[in-house]
Amino acid sequence: MEQKKLLRTIETIASKNFKSIEEMLEEVLNQVVEIEETHVTGGRVWKLDPDKKAYKLLFQKGNVQKIDPQFELPLEENPVFKLVTSERTILSDETNKTLKEKGIFRYSASGIGSKIKIDGEKYYEYLLAVNSDKIDESLRYELNIIATVLTSKIREKRLSATRKKLISDIDKAKQLQRSILPEHKLTFHNYEIFGTTVPAEIIGGDFYDYLHIGYDEERLGIVVGDAASKGLSAAAEAMYISGAIRMAATFQLKISPMMFRMNELVNKIFSDDRFTTLFYGEISNDSRGLFLYANAGHNPPIFVDAKTEEIIYLKPTGPLLGPAPKAKYETDSLNFNVGDILVIYTDGIVEAANQNFEFYDEERLKKNILLNLNKSPEEIVYSILDDVLKFSTAGSKYQDDKTIVVIKRIN
């Protein structure tokens, strides 16, 4: 299932008004089993009992033989639980005799919630274990997304009663965030670039940057990122990642290794409910208009051939930053001809909603781009923003940070 679609689906389900965390987990498992694209045929949710040092079965769903509700998995008999703590999601062959008798021979398990320390080792408070007819790396990525969203929602529920907005700290954060954003407009060799970001709150998790690379600045890196959620925590993550990419650019790393290292940093530095989508591309003075890029789970930027008006979507070349340690990222490429443009944007553009909760969506964005193809990057950016704001200001309560960067080859 497409990463961003799965992310939005799970967030929608988990955002309902549940009476308890367990009720939320049960409903999400029900829906995951029902979604045909996940290939999940059944699953179970386990809860850690620190006193018994074991995982107790909470509930089980789907087309699987039922396990005794009193069944437990002792920590000392299952060292694989330590691996879940470090890897988040594992794919494994079942070794427990009782579970194998129930027809469970291969499974995938993901850690959810806080980590609890027992005898010097940390374990997730919940485990989501699923059975599937397609247990592979694609399923691992999907379960990482599900586990990350659920962990985030659990923490939101626990903090909602006590969370306060500290106005003075937010004001300082706002000033700091402004300092990491570059000037909107830039001309680089044969290209014009214009970018802007509009936070949904005082500060936000969107960011963009222009990175001059090399001693004679023969290359330019363009970064657009979207840290999960909104507000102060997302802004802090955005500032950290932006600074880390700036530092990486000074070492002139190739794109794939750089994305790999960024993912490892986000995975290690931030808590389990944090993730970021990131698009990174490089232009140069190359006469062929070569553009190299990598896409970490970000909305596919829209490339338009000026002569034919053909649309190319720059799809993800790797997963979101954060949930999946040791993930690999491929580098892809295309060529700019004179007049060609690339529009890089974040969720807040296509997911801007009106009072009927209809999304602005990619089709409206594509039409707007084609109508303004002959204009400057600055004019294209403001045309898109104006169209999005007109569409979404009629009473909608759902808004996200909005960022757009447009690159155009001018000669």
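Of all residues in region 324-357, which are closer than 21 Å to ASN372 by Cα and assigned to a strand (DSSP E or B)?
ASN335, ILE341, LEU342, VAL343, ILE344, TYR345
Looking at LEU253, LEU265, LEU220, which one is in contact with a strand residue (DSSP E or B) (Cβ under 7 Å, 6 or more places away or on another chain) and either surrounded by fewer than 23 Cβ atoms within 10 Å (Cβ to Cβ) or assigned to a loop (DSSP other than H, G, I, E, B) (or both)? So that I can check it myself, show each step before the final result.
Numbers: LEU253 fails: in contact with a strand residue (DSSP E or B) (Cβ under 7 Å, 6 or more places away or on another chain); LEU265 fails: in contact with a strand residue (DSSP E or B) (Cβ under 7 Å, 6 or more places away or on another chain).
Going through LEU253, LEU265, LEU220 in turn, just one is in contact with a strand residue (DSSP E or B) (Cβ under 7 Å, 6 or more places away or on another chain) and either surrounded by fewer than 23 Cβ atoms within 10 Å (Cβ to Cβ) or assigned to a loop (DSSP other than H, G, I, E, B) (or both): LEU220.
Working carefully through the options GLU125, GLU36, GLU121, find the one that is in the same structural domain as LEU150 (by TED's automatic domain parsing) and free of Cβ contacts under 8 Å to residues at least 12 places away in the same chain. Before the answer, list the steps.
Values: GLU125 fails: free of Cβ contacts under 8 Å to residues at least 12 places away in the same chain; GLU121 fails: free of Cβ contacts under 8 Å to residues at least 12 places away in the same chain.
After applying the criteria, what remains is GLU36.
Restricting attention to region 289-302, and to residues there that are of a type in the set (A, V, I, L, M, F, W, C) and surrounded by fewer than 20 Cβ atoms within 10 Å (Cβ to Cβ), which single residue is farthest from ILE344 (Cα to Cα)?
Restricting to residues being of a type in the set (A, V, I, L, M, F, W, C) and surrounded by fewer than 20 Cβ atoms within 10 Å (Cβ to Cβ), the top hit is LEU290.
Please work out if THR308 is polar (S, T, N, Q), in the same structural domain as LEU389 (by TED's automatic domain parsing) and buried (at least 24 other Cβ atoms within 10 Å of the Cβ).
Details: polar (S, T, N, Q): yes; in the same structural domain as LEU389 (by TED's automatic domain parsing): yes; buried (at least 24 other Cβ atoms within 10 Å of the Cβ): no.
Taking the combined requirement at face value, the residue does not satisfy it.
Return the residues of region 70-107 that are among the hydrophobic types (A, V, I, L, M, F, W, C) and either at pLDDT 75 or above or not assigned by TED's automatic domain parsing to the domain that holds PHE59 (or both); say none if nothing qualifies.
Of everything in region 70-107, those that are among the hydrophobic types (A, V, I, L, M, F, W, C) and either at pLDDT 75 or above or not assigned by TED's automatic domain parsing to the domain that holds PHE59 (or both) turn out to be PHE71, LEU73, LEU75, VAL80, PHE81, LEU83, VAL84, ILE90, LEU91.
Of all residues in region 74-97, which are under 18 Å from LYS117 (Cβ atoms) and assigned to a strand (DSSP E or B)?
Passing the criteria: only PRO74.
Determine, yes or no, whether LYS66 is touching a residue at least 12 places away in the same chain (Cβ under 8 Å), outside the structural domain of GLU264 (by TED's automatic domain parsing) and under 27 Å from ASP273 (Cα atoms).
Judged against the criteria, LYS66 is not a match.
Starting from residues that are touching a Gly at 6+ places or on another chain (Cβ under 9 Å) and among the hydrophobic types (A, V, I, L, M, F, W, C), keep the ones in region 26-57 and report whichever is surrounded by the fewest Cβ atoms within 10 Å (Cβ to Cβ).
So the residue we want is VAL33.
Six or more apart or on different chains, Cβ atoms under 7 Å: show the pairs whose first residue is in region 84-105 and more than 19 Å from GLU72 (Cα to Cα) and among the hydrophobic types (A, V, I, L, M, F, W, C) and whose second is assigned to a loop (DSSP other than H, G, I, E, B) and at pLDDT below 70.
Cβ pairs passing all conditions: none.
The values are calculated or read from the model by the stated rules, or taken from the named source; none is laboratory data. Please read these numbers as outputs of a predicted model, since none were measured by experiment. Reconstructed Cβ throughout: ideal geometry from the backbone, glycine too, with neighbour counts over all protein chains shown.
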